[in-house]
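Report on one structure; see the data block that follows.
The values are calculated or read from the model by the stated rules, or taken from the named source; none is laboratory data. Note that the coordinates shown come from a computational prediction; the quantities given were computed from them, not determined experimentally. With ideal geometry, Cβ positions are generated from the backbone for all residues, glycine too; neighbour counts draw on all protein chains shown. Quick note on the areas: whole protein, heavy atoms, side chains included, nothing else; ligands and nucleic acids left out. Shrake-Rupley method; radii C 1.70, N 1.55, O 1.52, S 1.80 Å.
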Amino acid sequence: MGGSRLPSGGRGHLHVRVATVWVLTAATLALIATEPWHPERPTRSVLVTVALVAVLAVHLAAVLRLTGYRARVAPSTLVAAAGSAGAVTAIWILPRLSGFPVEAAGALVLVEAGGLIAAGLTGVRTLDAGQALLACLWSTALGSFLVFAGSLVAFAVVPDSVPDAQGRLMLSLEATAPDGYLALLALTCALAAVVCVVVPTTPRSAVPAPRG
């Protein structure tokens, strides 16, 4: 995946690494901070925190793979994926602060569309189908996580955003998220793991050792 013209990770990749790690970590900490502590059910809060940290770890592993010095990933691939994921997150969350739907099918369609857009932009830029596929996978993974995190944080801090089902408020961080929103979490974890596997790399012997 990727021809000889594709660069290995460099300074630009390092900047992307720092920015992406910061965003993912901040989103995870926001989720944990807005998850209420239940003295009568302490195990639940601990398990939720452990699960979120585990998902973050998978994402950070993907970031390290994508931006490593041996990774043959074009800067435009990383930019297209991150930009598309950010746009998808804003498009889903901002108009719905006055009331999210109970089902997240629309969010799933949106993050998938964002992935296709990222793939198209990358394909035009690099003329490389492998890079386009990678942009699609990473954009969808990032978008799924950010939409999930943003939605649940909104439920916690913006009362009017909580989905209303059958005349009752049925979702907050004190309850279990509907299956549609949990599907976003499952999707992002699975795709981040796939990204870890498919990132193309240059053989170690062909890459000069980084200067200290």
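A few comments on the model shown:
- Checked against (1) within 19 Å of residue 56 (Cα to Cα); (2) at pLDDT 95 or above; (3) surrounded by fewer than 22 Cβ atoms within 10 Å (Cβ to Cβ), residue 182 passes all but condition (2).
- Taking each residue of region 116-143 that is open to solvent by less than 10 Å² (accessible area, probe 1.4 Å) and looking for partners that are among the basic types (Lys, Arg) and part of a helix (DSSP H, G or I) with beta-carbon atoms closer than 9 Å, six or more apart or interchain, yields 131/125.
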